[in-house]
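The values are calculated or read from the model by the stated rules, or taken from the named source; none is laboratory data. Remember, it's a predicted structure, so these values are computed and weren't measured experimentally. As a convention, Cβ positions derive from the backbone with ideal geometry for all residues, glycine included, and neighbour counts pool all protein chains shown.
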Amino acid sequence: MEIIAIVIIVSVFTGIISAVIAKDKNRDQAGWFILGFLFNLIGMISIALLPKLEKKLGLNNEKKQITKEEVLETRELKGRIRKKKWIFFLIIMVTLCVLVIMIINMNK
C-alpha cells in the first residue's frame, strides 16, 4: 500500500510542476495540472516542449486605450477566477488525501 501512496504523491508533485511551467508559458494551469497528475513525466515533458503563448492585447492584437473602470473590472474578475481555481485545487487535494487514508485503512 505504500507504493500507492508514493504513486499519488509523485503524481501530485508532477501535476504541480506541470502547472507552474504552464503558468510561465501563459497556458491553462488547471488543465496542465490534471495532465501532469494523470500522465506524470509525459505531461511534464509535453508542457516543457510547448512554445510560450503571447498575451493578447485586444482584437487582432491591436493596442487600445483602457479605462480605469475596465482595469478594475478585469482585476476583480481575475481575482474570482483565481479563487475558483484554488477551491478546485483544494477539493482535488482533499479527495486524494481521503483516498490514500481509505486505501491504507483497508489493508489493516
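Within region 43-68, which residues are at pLDDT below 80 and part of a helix (DSSP H, G or I)? Once the filter is applied, which keeps residues that are at pLDDT below 80 and part of a helix (DSSP H, G or I), region 43-68 yields Leu59, Asn60, Asn61, Lys68. Conditions first: (1) at pLDDT 90 or above; (2) under 19 Å from Leu96 (Cβ atoms). Asn40 passes all but one, so which condition is the exception? With respect to (1) at pLDDT 90 or above; (2) under 19 Å from Leu96 (Cβ atoms), Asn40 is out only on (1). Filtering region 18-59 to residues that are buried (at least 18 other Cβ atoms within 10 Å of the Cβ) and hydrophobic (A, V, I, L, M, F, W, C) leaves Ala19, Ile21, Ala22, Trp32, Phe33, Leu35, Phe37, Met44, Ile47. With the requirement that a residue be free of Cβ contacts under 8 Å to residues at least 60 places away in the same chain and either under 19 Å from Gly15 (Cβ atoms) or within 13 Å of the chain's Cα centre (by Cα) (or both), what does region 76-93 give you? Residues satisfying the conditions are Ile81, Arg82, Lys83, Lys84, Lys85, Trp86, Ile87, Phe88, Phe89, Leu90, Ile91, Ile92. Here Leu96 fulfils each of the conditions (1) assigned to a helix (DSSP H, G or I); (2) without any contact (Cβ under 8 Å) to a residue 60 or more places away in the chain apart from (2).
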